[in-house]
Amino acid sequence: MTHDCSFLRDLPLSADQVSFDSDDRTAFGTDYGVVETDASPPDAVVYPESTGDVSAVLAAANERGVPVTPYAAGSSTEGNAVPVRGGITLSMERLDAILEFRPDDMQIDVQPGVVGEAMEDHVGDEGLFFPAFPQSAAFSTVGGMIANDASGIRAVKYGEVREWVRELEVVKADGTVIEVGTRARKTSAGYNLLDLIVGSEGTLGVVTRATVDLAVTPARTLGGRAVFDDLDDAAAAITDVVRAGVDVATIELVDSLTAEIANSYTDAGLPAVPMVFFELHGRCVDAEAAVLEEILERHGAQRTETSEDDAEMASLWRARREIGRALPEYDPDRVLDVVGDVTVPIGSYPGMIRFIGEVSDEYGIPIPAFGHAGDGNAHYAILVNRDDPEEVDRAREAAETIIRGAIDRGGTCTGEHGVGVGKRGYLTREYEPEVLSTMRDVKHAFDPNGILNPGKIFE
């Protein structure tokens, strides 16, 4: 589907803010989860440099019924920012300013193109940090994190991005600029439009400014890694750690295949066995660590290593942190076809991890499993030979089986990656028709002409 976007030349934008170049358009036709062979490029790319630019583009596109898809860093995995119906891609990369930092309020105002790591560097000297950053914070942007309601390895203690967003400037489909939320830490004034925007994947409006809360850097951080012989034992240990009330900031799980893949990439020399990674934050980490280690050992941990030294912790954690880079490099005959995430109640987590392994065996496809185990979030990657159509079909069936298994356990089809294109079909299994109809009503209220990132979330 193509659209006439020549009207962009008549808007108050400089020549270098609008591109119809084939190479530029192709660059925005994929994201981390969409391979080049499935690319869907836009008809034009716009690089806004102000809220006014975004407003002008949306107003003009809305009048003509031309789709507009916001694009951040392209680190999403479900095609969330791929313009599946053509039209205009709004690349937010030039809206990358840190607008105001208020240490006394423990808040910062940023534009959506600010990379997470840059924001972290900016506030670190004041003893503050943003605890909800996802694992991809080194290259993903704040706007993308808000759009997907991202979360990361510290979610078990600090929660998701939405719990730290206070106020947003948002441009609606018709170009109207609104502010939702408040800089205050609590409010009961009216409808919570802020939470509607967070996680809406650019289907309700385009965020042009965000105010987020920050946390005090922990007085002490103790990190560690435990090695297990059995995956069930490792998963059960994590569940018991959480149920025992151990104040973990992070507790992660990797299965033996994931460990093998990470080791082949990092040359860390670790055994290809299940591992648990953890962090404790605060002034009383010794007492918490003692309880944690006792539980791990009770469940069969063969070796537990801990450290408070930054370099040593980085070494202990390297196998976990490099998984995203390691997966595409593991097997030259296979590509990373699916990077999925599901979340289940914590008591169902060991069974969910076991189920992913059973699906891998059933379909004869390598499916490494890992994830933010402390909040029941399981990640899985499906590696396939795309030259083998039958294997590709099996891979898609395997992914569907995993997702249905999570929903049947009282979970969700996505814990943090968002719906995008890849998870649309599962919403009808997760929600009743009346719920989806209400979601569509919300979409229509914000975007009656359906121009904002169409084809996402809903079929």
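The values are calculated or read from the model by the stated rules, or taken from the named source; none is laboratory data. Since this is a predicted model, take the numbers as computed values, not measurements. Neighbour counts run over all protein chains shown; Cβ positions are idealised from the backbone, glycine included.
Among the residues making up the range 297-317, those that are part of a helix (DSSP H, G or I) and surrounded by fewer than 17 Cβ atoms within 10 Å (Cβ to Cβ) are E297, R298, D310, A311, E312, A314, S315.
As a summary of the residue check, E322 satisfies the conditions (1) surrounded by fewer than 19 Cβ atoms within 10 Å (Cβ to Cβ); (2) at pLDDT 90 or above except for the one numbered (2). Residues in the range 11-20 that are in contact (Cβ under 8 Å) with a residue 24 or more places away in the chain and either in a helix (DSSP H, G or I) or under 30 Å from the mean Cα position of the chain (by Cα) (or both): D16, Q17, V18, S19, F20. Hey, does the range 93-103 have a residue that's crowded, with 24+ Cβ neighbours inside 10 Å and more than 13 Å from the chain's Cα centre (by Cα)? Yes, the conditions are met somewhere in the range 93-103. The residues of the range 236-253 that are out of contact with any Asp or Glu (no Cβ under 8 Å at 6 or more places or on another chain), surrounded by fewer than 23 Cβ atoms within 10 Å (Cβ to Cβ) and outside any helix (DSSP H, G or I), listed by number, are A244, G245.
Within the range 185-206, restricting attention to residues that are in contact (Cβ under 8 Å) with a residue 60 or more places away in the chain and not polar (S, T, N, Q), the residue that is surrounded by the most Cβ atoms within 10 Å (Cβ to Cβ) is V206. Can you spot a residue in the range 118-125 that is crowded, with 16+ Cβ neighbours inside 10 Å, among the hydrophobic types (A, V, I, L, M, F, W, C), modelled with pLDDT of 95 or more and over 20 Å from the mean Cα position of the chain (by Cα)? Yes - at least one qualifying residue is present in the range 118-125. For A395, the conditions (1) touching a residue at least 60 places away in the same chain (Cβ under 8 Å); (2) over 18 Å from the mean Cα position of the chain (by Cα); (3) part of a helix (DSSP H, G or I); (4) surrounded by 18 or more Cβ atoms within 10 Å (Cβ to Cβ) all hold with the exception of (1). Number of residues in the range 211-235 that are assigned to a loop (DSSP other than H, G, I, E, B), under 13 Å from D255 (Cα atoms) and not aromatic (F, W, Y): the value is 2. For the range 38-85, the candidate set comprises residues that are among the acidic types (D, E) and under 17 Å from V207 (Cα atoms); within that set, the residue that is surrounded by the most Cβ atoms within 10 Å (Cβ to Cβ) is D53.
Selection of first residues in the range 299-321 that are farther than 18 Å from T258 by Cα and of second residues that are modelled with pLDDT of 90 or more and of a type in the set (S, T, Y), restricted to Cβ pairs under 7 Å at least 6 apart or on distinct chains, gives the following pairs, ordered by first then second residue: E308/T221; M313/S307.
Condition check for S256 on (1) buried (at least 17 other Cβ atoms within 10 Å of the Cβ); (2) more than 16 Å from E322 (Cα to Cα): one failure, at (2). E120 passes every criterion in (1) part of a loop (DSSP other than H, G, I, E, B); (2) closer than 26 Å to R325 by Cα; (3) of a type outside the set (F, W, Y); (4) out of contact with any helix residue (DSSP H, G or I) (no Cβ under 7 Å at 6 or more places or on another chain) apart from (1).
If you go through the range 156-178 and pick out every residue that is surrounded by 24 or more Cβ atoms within 10 Å (Cβ to Cβ) and more than 30 Å from R64 (Cα to Cα), you end up with 3.
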